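Participant: I'd like to ask some things about the structure below.
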Amino acid sequence: MDHTAKHSHNRIPISVSLDETMSLNDMNQAQAGNKKRLAMLSGFAVAVAICISFIAKGLVYLINLFTNLAFNHTWSVAPGNPGGHHYGLFVIIVPAIGGLIVGLMALYGSKAIRGHGIPEAMEQILTNNSKIRPSITYLKPLSSAISIGTGGPFGAEGPIIATGGALGSTIGQLFRISAYERKILLTAGATAGMSAIFGSPVAAIFLAIELLLFEFSPRSIIPVALACITGAAGHHLLFEAGPVFPSPVMESPSNMALITYSIIGIAIGLLAAGVTKIVYLIEDAFEKLPVHWAWWPAIGGLAVGLVGYFAPYTLGVGYENITHVLSGQMTLQLIVSLAVMKFISWAIALGSGTSGGTLAPLLTIGGATGAALGIAAMAIFPQAGINVSMAALIGMSAMFAGASRALLTSIIFAIETTGQENALLPLLAGCIAAYIVSYFLMENTIMTEKIARRGVKTPDIYQPDVLEKITVEQVLSDATVINGDTSVKEVRIFLEQQKDQQRNYYIVVNNEGIFKGIVSASNLFSMHHEITQPIQTLIKRKATVISPRNTLKTAVQLMASENVDVLPVVDRTNNSVLGVLSYKDILSGYRQMAEEGQGTIAISLRRRTLKMLVHGKKGFAVLKPTPKKEADV
């Protein structure tokens with residue numbers, strides 16, 4: 001065999017001119033650029049968090065102002081108590097007036113201010129490249145402050161999450177950044193707002209993962225975490241120190257108490273499923289009303305006022321209700337009344353499409369129900385060591401876990417806002433129980449039902465990209481290598497003899513075996529070429545190559561950026577051509593992984609060959625790399 005053929009057995013050397021391309025393929029430059037953009041994005045996220053911290057304080061002031069104006073007739077931003085009004089029966093009108101104003105703001109300002117914030121943010125992330133109208137930044141807090149200040153049974157967390165998301169999205173639209181980066185800024189603003197209101201940065205980070213980002217990666221978590229920390233710093237600077245919901249010290253539970261708390265979690269899970277279904281049944285009922293939707297918040301406000309006449313403690317934010325429930329000192333009658341009346345008021349108001357949040361009402365309803373179940377359990381099992389405050393804490397956390405299926409957020413939020421570290425295990429038991437019940441009974445959650453009805457699919461599985469788990473060498477195809485000086489006619493004859501005409505692309509090298517590029521089959525067999533011209537003249541562009549150790553995700557990104565559907569694969573350790581990666585190979589790898597499900601997968605490596613046509617010689621060399629063992633992914 002001639003020298004060239006012998007040389008081919010040692011694999012084909014690659015030109016030094018490929019170093020730049022190889023460096024690009026290994027994504028070194030891209031990684032450096034990504035880190036610079038990550039630093040820039042983190043700076044934006046911190047800036048958004050600083051702004052939203054002050055906006056959160058401003059929102060609280062606005063709520064207090066409208067509460068004092070509506071119920072106390074005073075111009076003050078000090079905390080007001082809507083339950084202490086002297087309106088009598090006329091209190092029914094006050095929430096209706098607030099609802100009318102909100103309806104007009106939605107009609108002439110933006111319809112996006114309706115709802116409780118998180119579903120709207122989710123929808124913009126999933127369907128609109130995280131673009132939110134800048135006007136939401138001021139319309140949402142203003143409308144929510146009016147709604148809550150006139151007696152709406154909502155919390156400030158939903159509006160501030162929507163406002164923070166709108167601010168982050170607006171900043172993202174002012175600069176030249178990608179939709180993915182804009183999603184991160186939206187999420188950073190939203191969760192920084194939650195952290196600023198409650199002083200719960202860890203829970204806010206988990207909220208981002210479970211309800212907004214739908215992923216966990218350094219490029220998303222770093223900016224969001226920095227924003228949440230900044231929001232928490234804003235909370236400590238602008239709000240009162242200590243837990244948002246102070247409660248008596250809770251001791252570690254006994255095994256019997258832990259079992260009881262788990263049963264309470266199951267009951268709360270059933271309640272969460274029922275609450276979610278009823279809320280959307282009420283919303284469907286409003287859809288059937290023969291009046292314009294702008295009037296719905298006013299109609300819902302009438303119901304809020306009517307409930308507030310009989311149960312004044314249901315009006316407004318009601319964070320103090322949560323604290324009272326957690327104290328364990330409320331009577332059973334008052335607890336049951338709070339749970340029932342707050343639910344009726346909140347469900348009708350939310351179903352009417354007014355502006356407000358869901359977290360505080362869910363915590364109130366769940367906490368009151370948990371306390372009532374705890375009192376009942378104490379009567380049945382007096383020796384079990386059941387703590388009513390613990391039962392209330394589990395109830396409020398399990399309600400949020402069951403209604404939203406934000407499991408980790410619910411657990412950490414309860415600990416951060418109460419400071420009860422000993423509650424971790426019972427919270428885990430109760431929330432998981434509620435989560436399981438919710439998962440089997442509800443296809444969608446209170447956060448996703450609305451957008452699901454619009455045809456928007458919300459991710460519910462958070463796992464690494466399948467293509468990140470598979471390397472190029474695991475799905476690599478064989479290839480045919482052709483000397484660039486060979487004529488078109490010789491190549492066609494060679495391929496006919498070898499019955500190798502079904503490939504889409506062929507690798508081209510020079511006399512020294514140095515990689516020159518690739519030629520497509522359609523180009524090679526085109527009738528427009530002179531059959532005597534060298535094959536290398538058919539190369540249209542220098543091919544981008546990839547390393548066998550790169551992942552298929554890197555390959556897909558490279559194919560997309562270079563607008564190609566095949567990539568020559570080059571081993572960087574000895575600069576040898578190993579084969580060609582096509583989009584069909586990528587689909588094959590993805591299909592194999594999908595068929596294996598979530599467990600460990602072994603993708604068998606195919607025995608690959610490289611056929612070489614040597615110019616001026618009669619023979620060709622078939623390269624057979626040593627087959628590798630099946631690799632676990």
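The values are calculated or read from the model by the stated rules, or taken from the named source; none is laboratory data. Predicted model, so just to flag it, every value in this text is computed and none were measured. Cβ atoms come from the backbone with ideal geometry, glycine included; neighbour counts cover every protein chain shown. When the accessible area is computed, the model is the full protein with side chains, heavy atoms only, and any ligands, DNA or RNA have been set aside. Shrake-Rupley method; radii C 1.70, N 1.55, O 1.52, S 1.80 Å.
Participant: Computed FRET efficiency, Cβ-Cβ of ASP565 and GLU468, R0 22 Å: what is it to the nearest 0.05?
Facilitator: Working: r = 20 Å, r/R0 = 0.93.
Once the sixth-power term is evaluated, E becomes 0.60.
Participant: What FRET efficiency comes out for LYS111 versus MET527 if R0 is 45 angstrom and r is the Cβ-Cβ distance? Round to the nearest 0.05. Before the final figure, lay out the partial values.
Facilitator: Details: r = 60 Å, r/R0 = 1.33.
After rounding, the FRET efficiency stands at 0.15.
Participant: Give the value in nm², to one decimal: projected area of the alpha carbon convex hull of the stretch 30-158, averaged over all directions. Intermediate results must be reported in sequence, preceding the final value.
Facilitator: Values: hull surface 37.9 nm².
In nm², the orientation-averaged hull projection of the stretch 30-158 is 9.5.
Participant: Same structure again: Treating only the Cβ atoms of Lys and Arg (+1) and Asp and Glu (-1) as charged, compute the dipole magnitude of the stretch 357-490 about its Cα centre; round to the nearest 20 debye.
Facilitator: 740
Participant: Pop the C-beta distance of LYS36 and LEU334 into the FRET formula with R0 = 45 Å and round what comes out to the nearest 0.05.
Facilitator: On the way: r = 58 Å, r/R0 = 1.28.
Efficiency, rounded to the nearest 0.05: 0.20.
Participant: Round to the nearest 10 and report in Å² the accessible area of ARG453, as given by a 1.4 Å probe over the protein chains' heavy atoms.
Facilitator: Approximately 110 Å² for this residue.
Participant: Would you work out which of ILE177, PRO248, LEU167 lies farthest towards the positive end of the dipole of the stretch 147-260? Charges go on Cβ: Lys and Arg +1, Asp and Glu -1.
Facilitator: Toward the positive end, the furthest listed residue is ILE177.
Participant: Working only with C-alpha atoms, what are the Rg and Dmax values of the stretch 226-370, expressed in angstrom?
Facilitator: 17.9, 56
Participant: Quick check: with the 1.4 Å probe, what order do CYS51, CYS431 take by accessible area, largest first?
Facilitator: Details: CYS51 70, CYS431 0 Å².
From most exposed to least exposed: CYS51, CYS431.
Participant: If you count only protein heavy atoms and use a 1.4 Å probe, how large is the accessible surface of TRP293, to the nearest 10 Å²?
Facilitator: 50
Participant: Using modelled amide H (1.01 Å from N, peptide plane; none on Pro or chain starts), what sits under 5 Å from the amide H of GLY115, excluding residues fewer than 5 places away?
Facilitator: THR354, SER355, GLY356
Participant: Along the stretch 523-540, what does the Karplus equation 6.51 cos²θ - 1.76 cosθ + 1.60 (θ = phi - 60°) give for ³J(HN,Hα), rounded to whole Hz, x for Gly and Pro?
Facilitator: Values per residue, Gly and Pro as x: 6, 4, 9, 5, 7, 8, 9, 6, 5, 8, 6, x, 5, 5, 6, 8, 5, 8 Hz.
Participant: Based on Cα coordinates alone, diagonalise the gyration tensor for the stretch 344-419, multiply each eigenvalue by 5, take square roots, and list the semi-axes in whole Å, largest first. Walk me through the intermediate numbers first.
Facilitator: Numbers: eigenvalues 133, 47, 16 Å².
Sorted largest first and rounded, they come to 26, 15, 9 Å.
Participant: Given a cut-off of 22 Å, name the pairs among LYS131/LYS553; LYS57/LYS140; LYS35/LYS457; LYS36/LYS584 whose C-alpha atoms lie farther apart than that in the structure shown. Numbers along the way, then the final one.
Facilitator: Working: LYS131/LYS553 26 Å; LYS57/LYS140 14 Å; LYS35/LYS457 31 Å; LYS36/LYS584 34 Å.
Flagged as over cut-off: LYS131/LYS553; LYS35/LYS457; LYS36/LYS584.
Participant: State whether the stretch 404-454 is rounded, prolate or oblate according to the following rule on the C-alpha gyration tensor (a ≥ b ≥ c being the square roots of its eigenvalues): a/c under 1.5 gives rounded; otherwise a/b larger than b/c gives prolate, and the remaining case gives oblate. Intermediate results must be reported in sequence, preceding the final value.
Facilitator: Values: a/c = 5.40, a/b = 1.98, b/c = 2.73.
Here the stretch 404-454 falls in the oblate category.
Participant: Follow-up. Would you please give the residues with an amide H less than 5 Å from that of GLY579, counting only those at least 5 places away or on a separate chain, with H modeled from the backbone geometry?
Facilitator: VAL569
Participant: Another question, if that's okay. Give me the net charge for the shell around SER410: Cβ to Cβ below 12 angstrom, other residues only, Lys and Arg +1, Asp and Glu -1. Please report the intermediate quantities before stating the final value.
Facilitator: Working: positive: ARG405; negative: GLU210, GLU416.
Its environment carries a net charge of -1.
Participant: I've got another one for you. Of all the Cα-Cα pairs you can form in the stretch 163-225, what percent are over 20 Å apart? Walk me through the numbers on the way to the answer.
Facilitator: Details: 347 of 1953 pairs.
In whole percent, the long-distance tail amounts to 18.
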